[in-house]
Structures are given as C-alpha cells and as structure tokens.
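The values are calculated or read from the model by the stated rules, or taken from the named source; none is laboratory data. The structure displayed is predicted, hence computed values, not measured ones. Don't worry about glycine lacking a Cβ; one is built from the backbone with ideal geometry, like all the others, and counts go over all protein chains shown. Ligands, DNA and RNA are stripped out before the accessible areas are found, and what is left, the full protein with its side chains, is counted by its heavy atoms. Shrake-Rupley method; radii C 1.70, N 1.55, O 1.52, S 1.80 Å.
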Amino acid sequence: MASSTAEVHSRMTADQRDAYLKGLVQGAKAAVPKALALETVRSRAEALLNEHAFPSARDEDWRFTDLADLLAHNFVAAGEATVGEADVADLRLPETAGAQVVVVNGRISAERSQFQNLPDGVIVGSLQSHLDLQIVERLAQASGHHEVFTALNSVGFQDAVVVWLPRNTVVETPLQIIYLSQPEETPLLVQPRCLVVAETGSALTLIEDFGGLSAAPHFTNAVTELWLDANAQLTHSRIQREGAGTFHIGKTAVTQARDSQYIGTAVDFGARLARHNWEIYQTGEQTTTKIYGLGAIAANQHIDTHSLVALSHPHGVVEQQHKVIVDDHAHSVFNGRMAVAQKAQLTNASQLNRNLLLSDKARVDTKPQLEIVADNVKCAHGATVSQLQADEIFYLQSRGISAPQAQRLLIYAFAMEMLETISVETLRSRLASTISKWA
Amino acid sequence: MINENSEIILSVRDLRANVDGTEILKGLNLEVRAGEIHAIMGLNGSGKSTFSKVLAGHPDYEVTAGEIHFKGQDLLELEPHDRATSGIFLAFQYPLEIPGVSNRDFLRVAFNAHRKARGEDEIDVFDFDDLIEEKLNVVKMDASFLDRSVNEGFSGGEKKRNEILQMALLEPALAILDETDSGLDIDALKTVAGGVNQLSTSDNAVVLITHYQRMLDYIVPDYVHVMADGRIITTGGKDLAKELESRGYEWVLEADRTGVTA
C-alpha cells in the first residue's frame, strides 16, 4: 500500500507542493483585516511556514492520510459572508440559548450570535473587540504551533472567538460555537480560530459545532486553543459534521495547569477528509484529562485523529477512548501518542481504540504510541479492530430480534458509549439519532 | 405433567446435523407435549448442546436430514428470530455479554418484537417498566440489573437468572435450558429452579439439558432421556436420573451397544 500512496503524492513534486503552500499563505495573508495585523503572531507563523514543507506521505505523521485530493483544488481565502437564520436554526441547542456564537467563514456573525445568558465578567466575543486583554500571552502560544496547518491558520485567521473566564467564575449555561462556511463558486479556504482562557478555579462547558451547509468542496482549517489555569474545569465537545465535499483539518491545543480537569469528546461524522490534531500539554501536577472520540464514516470518507498527551508533572490522570465505525470504502486512522516524561511520576494513563468494520473494503490504521520515561507509572493501552460478532447477533435473534435490527442495536451501543460522555442532552440525543439512522 | 391428549409442541424425527462438516446429531427422535418437562442427560460430546442450538437455529449448525415440527410448523423453515417469536426460547449455557446495550432496552426490544409478531402494538417505556418490575420477582433480581449492560460483569449465577427473567418475560411455548444449572451454587440453583417451576404450565413445555441430577431434585421431569453419539438411546422417568447419578452412564451405553433394554 505504501508504494501506491507514494505514487499518488508523487503527482506533485516537493517543489510544487511548496509553491502550493506559498500560494495558500499569500492568499490567506491578503485577506487579513488591517485591525488584526498582530505582527508578532503572524510573522512568527510565517517564518515557521518558510521552514516547513507541505506534508507528504513520507512524513510519519501523514503516512496514512493522503492529501492529493486537497492539492487538486485551488482554495481561495474566504471573505466576509452571512447566513440566514434557517441555516443556523437546526444547530442551535435549547440548553445553550443566550450563549451561542455563530461564526461564518471564520468571522463572528453578530447578527446570529447571542450572548445574553453569560454571567457578568465573562468575555465572549470577537478578537477585534478584545485586543486589550493579555491576548499575546496566550494567542498562538500554546505548544504545538509548530505545525504547518496551525501556522497557516495563524498567518491568515480573520477573526477569533475569544472566551475569557475570570477567576472562580462558573458558567452554568453551556457555550455553543457554531462554525459554518458559506460556499462560493471558487472553493474557499476557511480558517476559524478560537481562544479560550479559563482562569484559576473557573468552569465551563464548551460545544464547538462544525456544521455543513453544502457538499461543495471547501477547506476548513480550524485552530482552537484552550487554556486551563490552576483548578479550572472545562468540558468540551467538538462536533465535526461538515458537508461531503469538505476537507477539514483541525487543531485543538489544550494547556492544563495544576489540578485542572479537561474532559473532551470529539465526534467526526462529516467531511470527505478530516484530520484532528488533538494535543494536551500538562504544565502542573495532578491534572485530569479525559478524551473521547467517536467516528462514524461511510462511502469514501477518510478521518484521521492524531492525539498527543504530553505529561511532565506527577500525579496526572489520563483516560482516552477512541471508537470508530467504518463502512463501505471508508478509512480511519488513529495515532494516540502519550509522552510521559521523567518528572511525570505516578501518572495513571489508559488508552483504548476500538474499531468496528462494517464492510470488507473498509480500512483502519491504528497506532498507540507510548513514550514513557518515568519509571513509576501505570499506562495501559489497547486497540481492537473487529466486525459485528456473529454470536452476539445470534443471541439477540434468539430473543426475537431480527438480524438487521440486532445489527443496528449493536452499532448504536458501540457509539452510545462515547456519546454518553456528552453532558448536553439535546446534543447527545441528536447525535444518537444520527447514529440510529446511519446504522 | 403428562397428559397424553395434550397438544404436541415439538416433534423431532431422525434429525441429523453437522458442525464444520462433522456429523454430531445422528438420527435424533423426540416428542414433547404441552405440560411436560423433559430432561436430556448425557456425557460431554453426546450432542446435547448441539441439539439445543439446532432448535434455536444457530447458523453454524447445518441440518442434513430429518424434520422438526413445532406447534405444527416446519421449524427448519424459520429464521432464528421467527422461531423465537413463535415460542421457542433457548436459555444459553454461556449467555453473551453485550456492552453498551442496557438490559432494560434489550428486554423491551425483545418483548416488543414478540408483540409485533403477534400483530400487537409495541408497549411504551413506562408500561414496560411496570411489567418488568413484576417479572423480576420470579428470579429475585434487583431492579439495578436492568440498568446495567446485558450480562456485562454479571456473575455466573446472575447471568443464568437473567436468562430465566427473559423466559418469564417472553413466555415461550417451549423453553430449552442448556446446562442452566452448570456452575451454580445451591442458592442460585434453587432460585433458577423456582423460577422455572413458576413458569411451567399445562400449556407450555420445558426441555432441560444437564449433566447433573441435582437440578432434577428441584425441577421434577416427566421424562429423562439419555443422549449418546447424537441420538437419544434410552428414555425413562425421573428415577432414571437418580440411577445415572449413582451408576454412571456406562451401563446404559453398554445396553445400547448390545441391544439389551436397560
């Protein structure tokens, strides 16, 4: 397989790929509003891009994800756009009423957003209105910015959703960010950006929802930085259900100070090709990190999750589960890296990746990657790739349940285990109904 | 309870079946009438469990000859789930664990599949909850079992009680209990046996497959059959089980070989 992947990539030479990347960078830069010049952030990212190449299958991190189809399109940086209420209505959740940010083509739509249910002192809004905060200390400063697509976003984002929770603020209403792309005739590059700073002792439930308005090709290159200061608690759901023509590359960079707790659930149902780089960096002891992933893909969809949990302090707890249902010719890639440094003694980590194949042509590549230097730690990991178990189906049949219904029940159960980690009920039940239709 | 005028529920004639191309059942005959309790005993490998799987329609077992009639229908024509809704119930020797499916949902979906097959409306969650709470008493199960995944993390005895709970809910015409007693402690055995006795009526029938006579102290069979090499080689009353327990199987097998009636 490796040789055929290399062949596909070889349609473009390394020089051509570099030229392609330069073109994206120039276009993205040109579309940046003057008020958001952010010289320090932009120039550092651009310098990084000058030193890095557009990824190919020769890069270990991109071995199983072929970007040739993306390279076949000339994406143009999106401009300001609007959406009608009808495009948003289905995505709004009753639980988040009054705390909904709608982002269209990478810019906040004031018209569609609602902020009235947020407590005093909490900042939720556009970066342009909040440049006075200590933004530069946080924006594009998270570890993991050394990566081509993250840097491309840093060079070209046209707005950012800024969420800032002051010390000890507990936000009861979950905050929902809805990202939409309004298609044009030329395929667009859309680069949403989000920065969340949860100061010491604060708590928030955050939903990021990438919706799809059309099946036309476009390229979403999203970056979200989440800062959890000491003892902060953040529950995060990242839902990716973009249209069938979308290339979606996303970065979630989480920085956790001591005693903080991050619970994240990432759901990938949409897009033609989706890559999620999910990186968690520990900067103090006794952090808790729980990350859950659910993918359900069919036809020729390709999803790729590369996660990294980097621990450098003692008493960290990490629980990771990643489950994917793969049908037809779809292809799922999972690379779960855990880096446990010498100082991260008494870390208790577990990782489990389970894949359910519903077709002979479906493909899964999975790789746990444990890098453990500390000598007094617990790190369990496992990966399974299986089909529906004939004995389980027979057991259900023997109770009067038909074979197709038994299969649906088992697929649903497989997925629900991950969806149950989502605390916002309407979101959970909507995603569950997608699964039951899907299965 | 033997009543020679009652309905024939199950009739098996010269049944032969293969697993992976090896013949396991070699001409089995059995007739079961409503109200009867039959015990099938025999050594390991005699074909007892294969017979139970063939009745339930497990796809790994291929019937090569013979016939099975169940309440007048040709059972071999029916898919496994149709056999279940027609009234066949197999209590598994090793009930499966199904992570992620709550016992309550599983039982409700199964119960509604039966209702649908009878042309009745499905019952809703609330009515079902009332019904299942009542059935829990049959096997003295705690309601907390309903909210756990099917059999996941259940002890051996809890799994077997969960099988009898399903039987209580689905009210089959023919229940086949495949080594339901194996591995049970005496209290669990009494509970399971008590459940089965409570569910036995003059309209249904039970086939107990077992190695051990012990369960037959609690569920008294009308007939005891001995299976060997894929056939029923002798049939007696409940005393036959006691005799097998004290004398072993060799005398029956020998009698079968020499053609002398035991």
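Annotations for the structure displayed:
- Set side by side, the residues B:Lys238, B:Lys242 differ, and just one is touching a helix residue (DSSP H, G or I) at 6+ places or on another chain (Cβ under 7 Å), closer than 25 Å to B:Gly35 by Cβ, open to solvent by 30 Å² or more (accessible area, probe 1.4 Å) and modelled with pLDDT of 90 or more, which is B:Lys238.
- Counting only helices (runs of 4 or more DSSP H) that sit completely within the stretch B:175-262, those holding 2 or more residues that are closer than 27 Å to B:Asn18 by Cβ correspond to B:250-258.
- Taken as a whole, the stretch A:206-220 holds no residue that is open to solvent by 20 Å² or more (accessible area, probe 1.4 Å) and under 18 Å from A:Thr287 (Cα atoms).
- For B:Glu67, the conditions (1) without any contact (Cβ under 8 Å) to a residue 40 or more places away in the chain; (2) more than 9 Å from every other protein chain (Cβ to nearest Cβ); (3) of a type in the set (Asp, Glu) all hold with the exception of (1).
- Taken over the stretch B:110-127, the criterion of being of a type in the set (A, V, I, L, M, F, W, C), outside any loop (DSSP other than H, G, I, E, B) and more than 9 Å from chain A (Cβ to nearest Cβ) is satisfied by B:Val125, B:Phe126.
- Qualifying residues in the stretch B:70-93 (those that are touching a strand residue (DSSP E or B) at 6+ places or on another chain (Cβ under 9 Å) and more than 15 Å from A:Gly400 (Cα to Cα)) - the one nearest to the other protein chains (Cβ to nearest Cβ): B:Gln93
- Taking the criterion of being over 15 Å from B:Glu152 (Cα atoms) and at the interface with another protein chain (Cβ under 8 Å from one of its Cβ atoms), the only residue of the stretch B:94-109 that qualifies is B:Val109.
- Among the residues listed as B:Val19, B:Val12, the single one being touching a helix residue (DSSP H, G or I) at 6+ places or on another chain (Cβ under 7 Å) and either among the β-branched types (Val, Ile, Thr) or open to solvent by 70 Å² or more (accessible area, probe 1.4 Å) (or both): B:Val19
- Test: residue in the stretch A:161-173 that is part of a strand (DSSP E or B), touching a helix residue (DSSP H, G or I) at 6+ places or on another chain (Cβ under 6 Å) and either crowded, with 21+ Cβ neighbours inside 10 Å or of a type outside the set (S, T, N, Q) (or both): yes
- Residue check, B:Glu133 in a loop (DSSP other than H, G, I, E, B), without any contact (Cβ under 8 Å) to a residue 12 or more places away in the chain, out of contact with any strand residue (DSSP E or B) (no Cβ under 6 Å at 6 or more places or on another chain) and at negative phi: no
- Among all positions in the stretch A:278-288, there is at least one residue which is within 11 Å of the chain's Cα centre (by Cα) and free of Cβ contacts under 8 Å to residues at least 40 places away in the same chain.
- Residues satisfying the stated conditions in the stretch B:28-68, i.e. surrounded by 16 or more Cβ atoms within 10 Å (Cβ to Cβ), outside any helix (DSSP H, G or I) and of a type outside the set (A, V, I, L, M): B:Arg33, B:Gly35, B:Glu36, B:His38, B:Gly42, B:Ser46, B:Gly47, B:Gly57, B:His58, B:Tyr61, B:Gly66
- On inspection, A:Asp304 passes the criterion of being in contact with a strand residue (DSSP E or B) (Cβ under 9 Å, 6 or more places away or on another chain), farther than 30 Å from B:Tyr61 by Cα and among the acidic types (Asp, Glu).
- Filtering the stretch A:27-42 to residues that are over 25 Å from the mean Cα position of the chain (by Cα) and open to solvent by 30 Å² or more (accessible area, probe 1.4 Å) leaves A:Ala30, A:Lys34, A:Ala35, A:Ala37, A:Glu39, A:Thr40.
- Conditions (1) at pLDDT 95 or above; (2) within 14 Å of chain A (Cβ to nearest Cβ); (3) not in a helix (DSSP H, G or I): number failed by B:Asn162: (3)
- Against the test of being within 23 Å of B:Gln93 (Cα to Cα), in contact (Cβ under 8 Å) with a residue 40 or more places away in the chain and of a type in the set (S, T, N, Q), the options B:Thr210, B:Thr201 yield a single qualifying residue, B:Thr210.
- Whichever residue in the stretch B:81-107 is part of a strand (DSSP E or B) and at pLDDT below 95 and, among such residues, is most open to solvent (accessible area, probe 1.4 Å): B:Pro99
- Scanning the stretch A:311-340 for residues that are assigned to a strand (DSSP E or B) and among the hydroxyl-bearing types (Ser, Thr, Tyr) gives a single hit, A:Ser332.
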